[in-house]
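Colleague: Here's a structure for you.
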Amino acid sequence: MADIFVSYASEDRARIEPLVAELEGAGYSVWWDRQLKGGTRFSSEIETEVRHARVVLVAWSPNAIKSRWVADEADLALETGNLLPISLDGIRSPMGFRQLQTIDFSGWSGGKAPCINDLLQALDHHLTSGRLTPNEAISLPKSGKTKSDASIAVLPFVNMSSDPEQEFFSDGISEELLNLLSKIKEMTVIARTSSFAFKGTDKSVAEIGELLQVAYVLEGSVRKAGNRVRITAQLIETGNSSHLWSDTYDRTLDDIFAVQDEISAAIVAELKDHILGGGTMQAPQSARSASVGAYEHYMLGQQFLRKRTREDIESGKQHFEAALISDPDYAPAIIGLADAMLLLSDDGSCYGRTPLKEALAAAWPLLEKAQGLDPTAAEVHGIWSLYYMLNGDLAKAQTSAEMAINLNPNYSRGYNLLTQAHKMGGDPSAPVFSSARKALERDPVSLLALTSVFNEHLYRQNWDDANATLRQLEASHPGSLFIDYCRSLIAMHKGHYAQAMTLQLNLEALTANAVALYYTQALAGMLGYIAVFEEFDPVMALSLYTLAGDESAARRLCQQIEAREGAAKNHEIALTLADWKAREGEYQEALDLLMYFDDPDPDGWGPNYDIGASCNGATLSLYLSRKLGKRARAALILDKLKYIHQTLLADPDGIYFTTDYLSACIAMAEGNKEAALEALEDQWARSHWIFSQLIADVIFEELQDDPRYKALLEQSDAHLAAERKAAEDAGLLPVPEELMASLRED
């Protein structure tokens, strides 16, 4: 049976042919009535195909609405939960079929187009999330995965050595076994963060299996004495806590890689019948080093690296360097060193002080060498993704992350990197939430994966889902500073700025948390205290002075920032400078700053279209292009913004919190002030936070004298004044001097 059954009116056949070609070109098998053979029972064969198709694609048109055949096929598809509707002419689905989102194909006659991308994304969502019930929209699953027979967690092996300092060795053995098993594509292997979360707890195997949603766990112990090591391992089925296999290995350290391979092979042999029915699944082999010392330094390096503080990453770097002195061609240590060097850069997403340009230059030859030594290592492609992301090449960052995942479908960091690259890439049809969820499925208690999913719910104002994810975070990371940080984001998005500042200023690690510091500065600035943070983030200060209309302060900072080397090639800086210059009437200079970040390809996406930044680069480009009479450019940008807007409205996970703002910008570009005002009123109702940042956008200059616009400004100003007073009464503003002093020390 086919993946897709296409239901349509015979009069529309000429328009269906290119659609079928696109679907088949994307790798789907398609059934449509051209495949009916002479002599077949027409209705019987169609009913069979509809019932067994994974998706029934109904192409509504005036002709299709009149067709009894199409109505019957659509009704059967609705019954089986497989209906996916499109509209050939922009016409609404008939009554009874309007509960599902319809994709608009009006005007399409073939070739790549936004509607094709929408359809392929919807198909991907449908085929990966299971059948739909009649009252569901097309969506990815909201919860984590269900337990599969092909799933395992490797718990940290117990250190039985007399020296507690050898715990890194037992942890390293566990992690290496986990890494080996994760290379088996037929299995789901829980990532280290989640497997090791139960270290030292009294959770039973059954409880761990339920919490991690795995069918098996591997546990054991390691005793190391001199050059001898004894490893005991046992495989347990979580459903009934029965021991399927166990063994003990007495070896010398020189045999450490061989014993890891033996354990991996034994597990694969035991699970073959459970997973593949006696298939041909092969056990992977360890990445060997000629030096046991190099291996031990590598394990210590990884132990420090995952702690994610500047000092620990520095220690990890030193251990990787020591490993490479013993074995210059040990690929895992080379990858670890490149990772550490990138994480120690002074990029805002990293932890160090090394100039980014230097860090990139140092990492490049290491990654080249590691890839030459082991091109099948998922980790090398993962760190390439990080490299390209930091270097601003988002297309290569996505490709590298996808290659890493293809090589190791259990590589949770690969999904996190892919999520980040998609988000930075700006294309609203990119599966950001899908990859974030996949990372969480493979690492259910990962702080990074949980906060990533939390943020996606937050951006859509899905408060129930955001709070549910926050409860998961609280359960798995009690006492984590990120809990209050996430609470502060909820308060901020709801317009409770004094409450948000209370939570943020109580974060002990505020000085080490660049994101929390960013929001503290933004809130203090929005509430009128801008100058105090000028020395730490003059770019944000310029943005806030521009928003507040403080012309003299904005001009002064603009001159300082423009004098920076390479300022025009940093998207955030260029956008802030362009926004100010647009208000000064320097339209061409402002547009020149933004054009570097636009993609002239109608199907391309540059940072100006990043929905995480509210598309304000694109909306400013639109305003400037119209001011300068660049009609073709303005039309291209407007088309892209419309596509983004339509995609956000159709998002099955919820409407993005900037969607109303985009509606207003599009309406202004089309000369529809009434629609723009309605959208701005909706934006105020949806998010005070984003409204307060964008209400003064230059694209709304023609509304300055409108009573409704003035009323919105007054509402916003009154709200900010009330929150400012609450913050001042609580002693949060002016910003406490002790915080300023600690920031200066850092």
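The values are calculated or read from the model by the stated rules, or taken from the named source; none is laboratory data. As the structure is a prediction and not an experimental result, all values here were calculated from the model. Positions of Cβ are generated from backbone atoms using ideal geometry, with glycine treated the same way; all protein chains shown enter the neighbour counts. Each accessible area value is taken on the protein alone, full model and side chains, heavy atoms only, with ligands, DNA and RNA left out. Shrake-Rupley method; radii C 1.70, N 1.55, O 1.52, S 1.80 Å.
Colleague: Assuming R0 = 25 Å, what is the FRET efficiency of Lys307 and Asp202, from their Cβ-Cβ distance, to the nearest 0.05?
Modeller: Working: r = 25 Å, r/R0 = 0.99.
For R0 = 25 Å, the calculated efficiency reads 0.50.
Colleague: What are the ³J(HN,Hα) values, in whole Hz, obtained from phi via the Karplus relation 6.51 cos²θ - 1.76 cosθ + 1.60 with θ = phi - 60°, for each residue of the range 23-31 in sequence order, with x given for Gly and Pro?
Modeller: Ordered by residue, 3J(HN,Hα) equals 5, 5, x, 7, x, 8, 8, 10, 10 Hz.
Colleague: Right, something else. Quick one: work out the % antiparallel among DSSP beta bridges in the chain, nearest 5.
Modeller: 50
Colleague: Check the range 590-746 and count each lysine pair with an alpha-carbon distance under 21 angstrom, considering only pairs eight or more places apart or from different chains.
Modeller: Count of close lysine pairs: 8.
Colleague: For Lys569, list the aspartates and glutamates whose Cα falls under 19 Å from its own Cα; do not include residues on the same chain fewer than 8 positions away.
Modeller: Output for Lys569: Asp346, Asp347, Glu358, Asp393, Asp537, Asp579, Glu586, Glu589, Asp592, Asp598, Asp599, Asp610.
Colleague: Sticking with this structure for a sec: For the pair Glu551 and Ala730, what calculated FRET efficiency results from E = 1/(1 + (r/R0)^6), where r is the Cβ-Cβ distance and R0 = 35 Å, to the nearest 0.05?
Modeller: It comes out at approximately 0.65.
Colleague: Next question, about the same structure. Specify which residue in the list Tyr459, Ser241, Gly107 is farthest towards the positive end of the charge dipole of the chain, using unit charges on the beta carbon of Lys, Arg (+1) and Asp, Glu (-1), about the Cα centre.
Modeller: The one lying farthest along the dipole's positive direction is Gly107.
Colleague: Could you derive backbone 3J(HN,Hα) for the range 421-429 from the dihedral phi with the Karplus parameters 6.51, -1.76 and 1.60 (θ = phi - 60°), listing whole Hz in sequence and x where the residue is Gly or Pro?
Modeller: Calculated HN-Hα couplings, in order: 5, 4, 5, 6, x, x, 5, x, 8 Hz.
Colleague: How much net charge surrounds Tyr415 when only the other residues with a Cβ under 9 Å from the Cβ of Tyr415 are counted, with Lys and Arg +1 and Asp and Glu -1?
Modeller: Net charge in that neighbourhood comes out at +2.
Colleague: Next question, about the same structure. Using alpha-carbon pairs under 8 Å, 6+ residues apart, how would you state the relative contact order of the range 652-723 in percent?
Modeller: Details: 48 pairs, mean separation 19.9, N = 72.
Worked out over the range 652-723, it gives 28 percent.
Colleague: Sticking with this one: Amide H to amide H, which residues 5 or more places from Val154 or on other chains are under 5 Å from it, using H placed in the peptide plane?
Modeller: Here the answer is Ile190, Leu218, since their amide H atoms fall under 5 Å of that of Val154.
Colleague: May I ask you to order 623-630, 57-64 by the average number of other C-beta atoms within 10 Å around their residues, highest value first?
Modeller: Descending mean neighbour count gives 57-64, 623-630.
Colleague: While we're on this one: Run the simple label-point estimate for Asp89 and Ala225 please: 7 Å along Cα→C-beta, distance reported in nm.
Modeller: Placing both labels 7 Å beyond Cα along the Cβ direction yields 8.6 nm.
Colleague: Leaving ligands, DNA and RNA out of it, rank Val380, Val205 by accessible area with a 1.4 Å probe, largest first. Don't jump to the answer; show the numbers that get you there.
Modeller: Details: Val380 0, Val205 25 Å².
Most to least solvent-accessible, the answer reads Val205, Val380.
Colleague: Using a ≥ b ≥ c from the Cα gyration tensor of the range 317-400 (square roots of the eigenvalues), is it rounded, prolate or oblate, where a/c under 1.5 gives rounded and otherwise the larger of a/b and b/c decides, a/b for prolate?
Modeller: Oblate shape, in that a/c is at least 1.5 and b/c is the bigger or equal ratio.
Colleague: While we're looking at this one, here's another question. Taking amide H positions as placed 1.01 Å from N in the peptide plane, with prolines and chain starts having none, which residues 5 or more places from Val58, or on another chain, fall under 5 Å of its amide H?
Modeller: Ser7, Leu84, Ile86
Colleague: Could you compute how much accessible surface Glu296 exposes when probed at 1.4 Å, giving the result in Å² to the nearest 10?
Modeller: 40
Colleague: Give the accessible area for Phe536 in Å² (nearest 10); use a 1.4 Å probe, count only protein heavy atoms, and leave out ligands, DNA and RNA.
Modeller: 60
Colleague: A further question follows. Using a 10 Å cut-off on Cβ atoms, rank the peptides 237-244, 356-363 from the highest mean neighbour count down. Could the numbers behind the result be given before it?
Modeller: On the way: 237-244: 13.5, 356-363: 16.9.
Going by the mean number of other Cβ atoms within 10 Å, highest first, we get 356-363, 237-244.
Colleague: With the contact rule set at Cα under 8 Å and sequence spacing of 6 or more, what percent relative contact order holds for the range 469-588?
Modeller: It comes to 13 percent, rounded to a whole number.
Colleague: Kindly sort Glu207, Glu702, Glu723 by accessible area of their heavy atoms, largest first, with the probe set to 1.4 Å.
Modeller: Ranked from most to least accessible, the order is Glu702, Glu207, Glu723.
Colleague: Ok, one more. With runs of 4+ DSSP H residues as the only contributors, calculate the mean residue ellipticity of the chain at 222 nm using -39,500 (n - 2.57) per run, divided by the residue total and rounded to the nearest 500.
Modeller: Result for the chain: -18000 deg cm²/dmol, rounded to the nearest 500.
Colleague: Just the number please: accessible area per residue for the chain, 1.4 Å probe, all protein chains included, in Å².
Modeller: Working: 31640 Å² over 746 residues.
Each residue of the chain exposes 42 Å² on average to a 1.4 Å probe.
Colleague: Compute the Rg/Rh shape ratio of the range 393-521: radius of gyration over Kirkwood radius, all on alpha-carbon atoms.
Modeller: Rg/Rh: 0.99.
Colleague: In whole angstrom, how long is each semi-axis of the equivalent ellipsoid of the range 591-746, when you take the square root of 5 times every eigenvalue of its Cα gyration tensor and sort them from largest down?
Modeller: So the equivalent ellipsoid measures 31, 21, 16 Å along its semi-axes.
Colleague: How many lysine pairs are close in the range 367-507, with Cα atoms under 25 Å apart and the two 8 or more places apart or on different chains? Intermediate values should be presented prior to the final figure.
Modeller: On the way: Lys369/Lys396; Lys396/Lys423; Lys396/Lys438; Lys423/Lys438; Lys423/Lys494.
So the count works out to 5.
Colleague: If ligands, DNA and RNA are left out, what is the accessible area of Arg413 with a 1.4 Å probe, given in Å² to the nearest 10?
Modeller: 60
Colleague: Still on this structure, I have one more. Which whole-number percent gives the relative contact order of the chain, counting Cα pairs below 8 Å spaced six or more residues apart?
Modeller: 7
Colleague: Oh, and also: Using a probe of 1.4 angstrom, how much of the accessible area of the chain is carbon and sulfur, in percent?
Modeller: Here carbon and sulfur together make up 48 percent of the probe-accessible area.
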